[in-house]
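Working notes, beginning with the structure itself.
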Amino acid sequence: MPRLAVFLLVLTSCGGGTSEWREPGPHQLLTGPYVIVTGEKTAKQALIAFRTYAVQKATVEWTAEGSRGVEVASRDGDLCSATLKNLPRGSVIKYEVKLAGKVAGSGSFRLGLADGETSFRFAVFGDTRTNHQVHNAVIEAVSKETIDFYLHTGDMVERGGIPEQWITYFQIERPLMAKAPIMPSIGNHDLGNRGYYSRFFFLDQWAGAKNYFYTDWGTVRLISMDVTIVCEGRCRQYRFVRAALEEAAKANKLIVMFLHNPPYSSGEHGSDRQLQSVVGDLAKRYGVELVVSGHDHDYERTKPIAGTTYLVSGSAGAPIRPVTPQAFTASTRTEPHYVLVDVDKNQLTLRAINLRGEVFDSTVIPPNPPGGPRP
């Protein structure tokens, strides 16, 4: 992308209004296809989701290294989903969405690691809600990377109760979603009394209708949380997360927790003190390596706090806001970006990248033993 075009994108991200965006060219599906990994202790199956313009019989056909299958999609109005089962681990799985027997969309993805594999990569970004040109530019950049999946730190849309905004969101992310499973976390702007977030991510099918879940990928346990984790020990989510952490610590896994509001932040919203107490205590007790969040529209990485690195990545379309670095700040930036995390056995390597393709921050995150770093 030319340098001038990038500069203009950065300027428009500072505004408060929602920018116009049109999907380039016609598509037979209103949104999708997109891939959601399902399964807890291991990613065992995948859900392929999409929305159609008209009611037609829909199927999803997949192939992978001699294996193949066909699933008839279930339908909820114009929203369709098909769960692909018995998928081979580590292989490239190619799939086609067919409407009335004709191909309407396709993609490919991997599900977990093959035997003997020890490394993989995932992406992180969030707060895509406002400037669609910036959101689109981030998706174009991440789509060129080789990743296995990506974490979204929430605030996908400006107003979660408006269905048209969800259509725009899924259309912008279509090129990435077709080939890389999304692992979402809910933001405050995604809320709405019609429950579109839960519906469009099919949480009733694979997460017990909860806004939190966990799954394992290689040596890493990934735990998505709703910010209501501040309930401490008095609610189901806290007990769920604590049990997932305890099991992961016993299995000597690397642990990545992700949620929308940041326990530590130097941005406009600042640190969430309740989350700082609750999540910080859990992170120290069970040896969490990385806590990822959004909400503040900037990039920030903390110094290790009781062995845990806290990351804010919330500049993929929301209005850019100023940052005042604090004593805990290791690196901060105010421009659209995404983050790549490379996992190699028991080590995380983090790189933050802007829309010019420049790596403006990087660090290696070593294993963090339960109870905090040892002297």
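Where a number appears in this text, it was derived from the coordinates with a stated rule and is not lab data. Quick caveat: nothing in here was measured; it's all calculated off a predicted structure. Note that we place each Cβ from the backbone using ideal geometry, even for glycine, and neighbour counts take in every protein chain shown.
To the nearest 0.05, how large is the calculated FRET efficiency for Ala209 and Arg351 if R₀ is 51 Å and r is the Cβ-Cβ distance? So the FRET efficiency works out to roughly 0.90.
List the trypsin sites (Lys or Arg not before Pro) within the stretch 121-195 that DSSP assigns to loop and that have no more than 13 neighbouring Cβ atoms inside 10 Å. Please report the intermediate quantities before stating the final value.
On the way: sites: Arg121, Arg129, Lys144, Arg159, Lys179, Arg194; in loops: Arg129, Lys144, Arg159, Lys179, Arg194.
For trypsin sites (Lys or Arg not before Pro) across the stretch 121-195 that sit outside H, G, I, E and B with at most 13 neighbouring Cβ atoms in 10 Å, the list reads Lys144, Arg194.
Of all beta bridges that DSSP places with both ends in the chain, some 80 percent have antiparallel geometry.
Taking the Cα centre of the chain as origin and assigning +1 to Lys and Arg Cβ atoms and -1 to Asp and Glu Cβ atoms, the resulting dipole is close to 660 debye.
Taking a label point 7 Å from the Cα of Thr146 along the Cα→Cβ vector, which residues of the stretch 335-375 have an amide N closer than 15 Å to it? Of the residues in the stretch 335-375, 341-344 have backbone N under 15 Å from the label point off Thr146.
Please compute the net charge surrounding Ala318, taking Lys and Arg as +1 and Asp and Glu as -1 over other residues with Cβ under 10 Å from its Cβ. Kindly include the intermediate steps, with their values, before the conclusion.
Numbers: positive: Arg129, Arg321; negative: Asp127, Asp155, Glu158, Asp296, Asp298.
The answer is -3.
Between Phe240, Ile229, His260, the Cα set farthest toward the positive side of the dipole of the stretch 222-283 (charges on each charged residue's Cβ, about the Cα centre) is that of Phe240. If exposed GluC sites (Glu not before Pro) are those in a DSSP loop with at most 15 other Cβ within 10 Å, what is the longest stretch of the chain that has none? That gives 146-267 as the longest site-free run. Comparing Thr146, Thr332, Thr168 in a Gaussian network model of the chain where C-alpha atoms under 10 Å apart are linked, the largest mean-square fluctuation is found at Thr146. Modelled spin labels at Asp281 and Ala330, positioned 7 Å past Cα toward Cβ, are 2.5 nm from each other.
Suppose each label sits 7 Å from its Cα in the direction of the beta carbon; what would the Lys102-Ser74 distance come out to in nanometres? That separation, rounded to one decimal, is 2.8 nm. So which aspartates and glutamates can Lys94 reach, going by Cα to Cα under 17 Å and dropping same-chain residues fewer than 8 places off? Result set, ordered by chain and number: Glu61, Glu65, Glu71, Asp148.
Any idea what the dipole of the stretch 235-349 comes to, in debye rounded to 20, about its Cα centre with Lys/Arg Cβ at +1 and Asp/Glu Cβ at -1? Spell out each step's value before the answer.
Values: 13 positive and 12 negative charges, 89 e Å.
Approximately 420 debye in magnitude.
Footprinting exposure proxy ranking of Asp281, Asp148, Asp127, Asp216, fewest other C-beta atoms within 10 angstrom first, gives Asp281, Asp216, Asp148, Asp127. When the C-alpha to C-alpha distance is required to be over 22 Å, the pairs from Lys144/Lys303; Lys57/Lys210; Lys44/Lys210; Lys102/Lys179; Lys98/Lys210; Lys253/Lys284 that qualify are Lys144/Lys303; Lys57/Lys210; Lys98/Lys210.
With semi-axes defined as the square roots of five times the eigenvalues of the C-alpha gyration tensor, the equivalent ellipsoid of the chain measures 30, 25, 19 Å, largest first. Exposure proxy ranking for Phe360, Phe125, based on other Cβ atoms within 10 angstrom of each Cβ and starting from the fewest, stands as Phe360, Phe125.
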